[in-house]
Amino acid sequence: MSLPIIKNYINGEWVTSESGDFGDIWNPASGQKIAQVPYGNKTDVDLAVSAAKEAFAEWRETPPLSRARYLFRLKEAFEDEFEDIARVLTTEQGKAIDEARGEVRRMIENIEHATGVTTMMTGYCLEDIAKGIDSSLYRQPMGVFAGIAPYNFPAMVPWWFIPYALVTGNTYVLKPSEQVPMTQNRVFEIIDDVGFPEGVVNMVNGSRDVVNAILDHGDIEGVSFVGATPTAKYIYERCGATGKRVQSLGGAKNVVAVMPDADVDAGMPSLITSFFGCAGQRCLSGSILAPVGEGADAFIEKFIAATTAMQVGDGLDEQNAMGPVVSKAHREKILAYIETGIQEGADLILDGRGLQVDGYPDGFFVGPTIFDNVTPDMTIAREEIFGPVVSIIRAGTLNEVIDLVNTREFANAACIYTQNAGAVREFRYKATPGMIGVNIGIAAPMSFFPFGGSGNSMFGDIKGHGRESFQFFTDTKVIMERYF
């Protein structure tokens, strides 16, 4: 049987890519091919940007409240197709269906937040800055923006950016991850039904060539990216060279500290979700578990028990708490990290390498894996594994944990479990990551707060979603007036 082929969405129409090069889309639970995606080229990008540029003038002149009404309609359409989007997401990405539903909910919440444009986009003014002279500031859209999305959150991450770009009066070109393009393909079918003006929002599928064409295109004003740090840094530098605005979010090595006074029983569900949710494939996943002081052995015993109680399998099965990783290649990468941990002398106390899931012999599964007695200099304590692998680094004091957090090459998030307010203040005051969780294992802000780390986890100065997004997608124009 021939596999379905994903198309681009340009100027309000579904179009075949100009490229003849294709990649495979896999169901990671079954290990079977389910579709093909074009690896697009510069011509595809040029067509999309040209459509977006032509649509910009009329879209900019559309009143902000009228632009928001498109988002209101889109929000309702997404609600109607909520379950279908979530199931497509799980089918191609692998995560548990409840996690997919949570992702779609966060996607919709960003649309809801963006509809506040009539407040968020307002400028300000002041009379008599000098005798008889008044001054005011306006926020204005800039033109065409683009987004380059990752594979781990194929529904949500593009919508950290798209609603804010559109509602402020810009037009948009999205490049989904070539590994998981079916989710946004389904989303754009809904967009097409809602009936945005032609060219306002476009989608081009592809890989490296499409990314470089976006970065080099002279008519694109800014780029948003989420992914691995080497790519984030590359995009940041390339946008700097071509004069584009850029928000480029990179990888992570998140530390989760558990203090001696922590309510372990109450916190255990969120700890398990932190380390093993989405099979560890998220930039807010716990990666290093740092029990502090006495009681570490008893805590670790409880953590292992809760971990082994998890059911792993096809994400579409409601009983499963964890699904496969996204691809065979990524599975092999994770297994190589586990081997490295063993070779460097860490104690492998829970081995997920041999996991077999009944009925899914070809799936890309890695079971929950835990190393104990890891030292900060080991590879598994320094590099982003992006899988269900936990490195336990025991600490004697809170200051040791803070030092551990601040000596990783990343600074995305860090979490602490404690009932001590003084410890919390010390931790949030001194730890450098941009997102801090207190008795919360996933420090994910809601849509009305900014998402992003610091250090090598964030390149650029304006983070994802939140009110700051209205700054990224607009330029300021200051008017000084005097009349005789």
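The values are calculated or read from the model by the stated rules, or taken from the named source; none is laboratory data. Note that the structure is predicted; figures quoted are calculated from it, not measured. Glycine also receives a Cβ, built like all others from the backbone with ideal geometry; neighbour counts cover every protein chain displayed.
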When you scan region 21-37, do you find a residue that is under 23 Å from GLU198 (Cβ atoms) and not aromatic (Phe, Trp, Tyr), even just one? no
Exactly one condition in (1) within 20 Å of VAL167 (Cβ to Cβ); (2) loosely packed, with under 14 Cβ neighbours inside 10 Å is false for THR115; which is it? (2)
Out of the residues in region 113-157 that are part of a loop (DSSP other than H, G, I, E, B) and of a type in the set (A, V, I, L, M, F, W, C), which is nearest to ASN205 (Cα to Cα)? ALA149
For GLY323, which of the numbered conditions (1) under 21 Å from GLN179 (Cβ atoms); (2) out of contact with any Ser or Thr (no Cβ under 8 Å at 6 or more places or on another chain) fails to hold? (2)
Tell me, yes or no, whether region 159-167 has at least one residue that is in contact with a helix residue (DSSP H, G or I) (Cβ under 7 Å, 6 or more places away or on another chain) and surrounded by fewer than 24 Cβ atoms within 10 Å (Cβ to Cβ). no
Taking only pairs six or more apart or across chains, which ones have beta-carbon atoms under 6 Å, a first residue in region 136-159 that is on the phi > 0 side of the Ramachandran plot, and a second residue that is surrounded by fewer than 23 Cβ atoms within 10 Å (Cβ to Cβ) and modelled with pLDDT of 95 or more? GLY143/PHE56; GLY143/GLU221
Region 362-471: helices (runs of 4 or more DSSP H) wholly inside it with 3 or more residues that are in the same structural domain as GLY315 (by TED's automatic domain parsing) and among the aliphatic types (A, V, I, L, M) are 398-406, 421-430
Identify, from the list TRP59, TRP14, the residue that is more than 23 Å from the chain's Cα centre (by Cα) and closer than 17 Å to PRO163 by Cα. TRP59
Which pairs do you get when a residue that is under 10 Å from GLY147 (Cα atoms), found in region 209-227, comes within reach of a residue that is of a type in the set (Lys, Arg) and buried (at least 23 other Cβ atoms within 10 Å of the Cβ), reach meaning Cβ atoms under 8 angstrom, with the pair 6+ apart or on two chains? VAL211/LYS175; ILE214/LYS175
Quick one: how many residues across region 12-60 are of a type outside the set (Phe, Trp, Tyr) and either outside the structural domain of ASN170 (by TED's automatic domain parsing) or part of a helix (DSSP H, G or I) (or both)? 17
